[in-house]
Structures are given as structure tokens and as C-alpha cells.
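The values are calculated or read from the model by the stated rules, or taken from the named source; none is laboratory data. All values derive from a computational prediction rather than experimental measurement. Counting neighbours? That spans all protein chains shown, and the Cβs are built from the backbone with ideal geometry, glycine included. Ligands, DNA and RNA are excluded from the accessible area calculation, which covers all protein heavy atoms including side chains. Shrake-Rupley method; radii C 1.70, N 1.55, O 1.52, S 1.80 Å.
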Amino acid sequence: MIAFPAHVETTTPAATAPKAATPKAATPEATNPETTAPEAPTAHSPPASPEALEKIGNEIAQLAAHIHAATYRLLVLIRDFDQGGGWGNGFLSCAHWLSWRTGIGPGSAREKVRVAHALADLPGISSAMKAGELSYSKVRALTRVATPENERDLLEVARHRPAAQLERLIRAWRRLDRLEAGEEEAQRHRDRF
């Protein structure tokens, strides 16, 4: 069972999804105005009430948490598939197979495989994503710099920042790492002479 944050309702999507096999006109619910789904808003629809908008907002957050948890499961499957060599029947890599099989771009496929493998060593980030607390965007950024030693601190930062801000922070972190590595290399070079 997936544990969701307190602010996220835990109704499963299957419980709220309409039954596709039965045409809407053939069901008794189709004639009951209280059970029919609201029509999609159009450019001329009157604005919804604040209460209705809050309900929609909560449903969006709930669905997003389910998507984050499902994405975690996808990443685990990708890692298992790659480790098992499931792509080895004529493909160059797991990313190549993933791009072909799922229709995502090669760059996105490589990132998914990279993130999938990185999560194996990051149990805190893995748990948060599995629980629907972290988006793939945040996890992708975190796995660029996270280690078992700094994971806890990074996770705390990620929980309190939007993905775009977290990505900027991680880019700056990586830039500093590169500068420090360059300075260390220059110092080793000076020490040789």
C-alpha cells in the first residue's frame, strides 16, 4: 500500500474512474444529474465557486501524488529490466530499448535509466517518491548530486522548494563541484613542479 502525505487524499484512481466498458447512456447514473460527471469547462463557462476550485485543486494534488508513486514503480522496473539485460535482444542499451518501446525521446530514456539506478543507493529519496511526496523532476535533480552521506539534507531541501528552484540549486552545486575539482587539479599540477 502506498503511503501518501497527510495533505493528499488516498482514494485510488480505480475507485473514481468511470467504467469504460459500459456506455454512459446505458447506465442509470447517466440520467441522474447528481452522479453525472461535470462537463469540461469551455471558454464561455462561468467561473467555478471557491469551494469547487478547492476540491479540484485537492483532486489534482491527489492525482499528482499517484503519478509520482507510479513513476517510482516505473523506475524500479526499468532498473530491474536493465540489470537483467532484458533489452539485449538487438538494442544498444536499456535506454535505446526504452525509447523504442515507450515512445519517449532518447535523452529522456537515458535520464530515466540513470535515475532508476541512482535511486538504488538513495533509500530516503526512494521512499519519498514511492509515497508520492517527490515528483520525478525533483528526484531527477537530486540524483545528480545526492550521495548516501548528503541525501538526508538534500531531501529536506527538496521537500520545501518547487522543482524549478531545486534544479537551479543543484546546477549551482554542480558548478561549484566542478570549480573545486578544477582547483584541486591545478594544485596537483603546481605541486608536481
Enumeration of residues in segment 73-101 that are out of contact with any Phe, Trp or Tyr (no Cβ under 8 Å at 6 or more places or on another chain) and open to solvent by 40 Å² or more (accessible area, probe 1.4 Å)
R73, L74, L77, D80, Q83, G84, G88, N89, G90, L92, R101
I need the full set of residues from segment 50-64 which are touching a Ser or Thr at 6+ places or on another chain (Cβ under 9 Å) and surrounded by 14 or more Cβ atoms within 10 Å (Cβ to Cβ), in order please.
Q62
Looking for whichever is modelled with pLDDT of 95 or more, of a type in the set (G, A, S) and surrounded by 12 or more Cβ atoms within 10 Å (Cβ to Cβ) here; the options are A30, A69, A3. Which one fits?
A69
Looking at segment 66-152, what helices (runs of 4 or more DSSP H) fall wholly within it and have at least 2 residues that are farther than 23 Å from A172 by Cα?
94-102, 106-119, 123-130
Filter pass, I104 being aliphatic (A, V, I, L, M), over 12 Å from the mean Cα position of the chain (by Cα) and surrounded by fewer than 19 Cβ atoms within 10 Å (Cβ to Cβ):
yes
Taking segment 139-162 as the region of interest, how many residues are open to solvent by less than 30 Å² (accessible area, probe 1.4 Å) and either under 15 Å from the mean Cα position of the chain (by Cα) or of a type in the set (F, W, Y) (or both)?
6
Residue check for P123: closer than 20 Å to L74 by Cβ, surrounded by fewer than 16 Cβ atoms within 10 Å (Cβ to Cβ) and in contact with a helix residue (DSSP H, G or I) (Cβ under 6 Å, 6 or more places away or on another chain):
no
Within segment 163-175, which residues are open to solvent by less than 80 Å² (accessible area, probe 1.4 Å) and of a type in the set (D, E, K, R)?
E167
